[in-house]
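One structure below.
The values are calculated or read from the model by the stated rules, or taken from the named source; none is laboratory data. Quantities reported herein were computed from a predicted structural model and do not represent experimental measurements. So basically every Cβ, Gly included, is an ideal-geometry build from the backbone, and we count neighbours across all protein chains shown. Note: areas computed on protein heavy atoms with side chains; ligands, DNA, RNA excluded. Shrake-Rupley method; radii C 1.70, N 1.55, O 1.52, S 1.80 Å.
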Amino acid sequence: ALMELISLLPIIAGVMIASMAEPEFSMFAFGCAMLSNFLFAARGTYAKICMEKGPKLSGADLFAVNTIFAFVLMAPITFVMEGQNAISGFEKLTTGKAPVDFMALVNGELDVKKASPSPSYFIAYQLVCGLYYYFYNEMAFMVLDLLDPVGQAVGNTVKRVVIIIAGTIVFNKPLTTNGIIGSSVAIGGVLLYSLVKSGAFSSK
């Protein structure tokens, strides 16, 4: 509906303002983030079509199938193009001899400036990071199973504002004026979209 599309504009504008307020702002990185949003929304739309019109698969099942196909397609290409570099880089990086620290592994700790990791720790670290990322994306597909693609895309976009706010709290980094304005506009946009989606402004 037209009102739903209009209500998305404050969310997009808020995220743009909040992102541009960062001191490390890069137009190239900003463009990549916007492209990421677009592709994420396109993936969600296509995945929702597959859930509704394709074989009866849950969000988690669909993502698992998607991951398997992606691995089969990309693994040979990655091995041919980056295999030698990956092997040589692994051998140069993993010169440590320390045993695997499972608590550091769970917390995702890897500081190569302090000490080189052991081969076993580095492999385990990659597996843990892969699992975390897999569960993160699987949760996104499970949410998509419950929502429509636009609702999920809104959540994914506003996530960036939430990360900016969380970063100011965790790293004790004060928000800039633009950051406060952008975050407020984006959060207000989410409220507006929710009201429009629920039919609060529709004529009875």
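Total lysine pairs in the range 44-188 at Cα distances under 26 Å, for residues eight or more apart or on different chains: 9. Summed over qualifying helices (DSSP H, 4 residues or more, each -39500 (n - 2.57)) and divided by its residue number, the chain shows a 222 nm mean residue ellipticity of -27000 deg cm²/dmol. Evaluating 6.51 cos²θ - 1.76 cosθ + 1.60 at θ = phi - 60° for every residue in the range 66-75, the Karplus couplings come out as 4, 5, 5, 4, 4, 5, 4, 6, 8, 4 Hz, glycine and proline recorded as x. Largest accessible area first, the residues L144, L35 order themselves as L35, L144 under a 1.4 Å probe with ligands, DNA and RNA left out. Ordering 73-81, 131-139 by mean Cβ neighbour count within 10 Å, with the highest value first, yields 131-139, 73-81.
Here the peptides 117-130, 163-176 are ranked by packing, the mean other Cβ count within 10 Å, and the order with the highest first is 117-130, 163-176. Kindly identify the chain as rounded, prolate or oblate by the Cα gyration tensor criterion: order the square roots of the eigenvalues as a ≥ b ≥ c, call it rounded if a/c is under 1.5, otherwise compare a/b with b/c, prolate if a/b is larger, else oblate. Verdict is oblate for the chain.
Highest mean packing first, where packing is the average number of other Cβ atoms within 10 Å per residue, the peptides 26-34, 8-16 line up as 8-16, 26-34.
As I understand it, the value is the acute angle between the Cα axis of helix 149-170 and the longest principal axis of the Cα atoms of the chain; what does it come to in degrees, rounded to 10? The helix 149-170 is inclined about 60 degrees to the chain.
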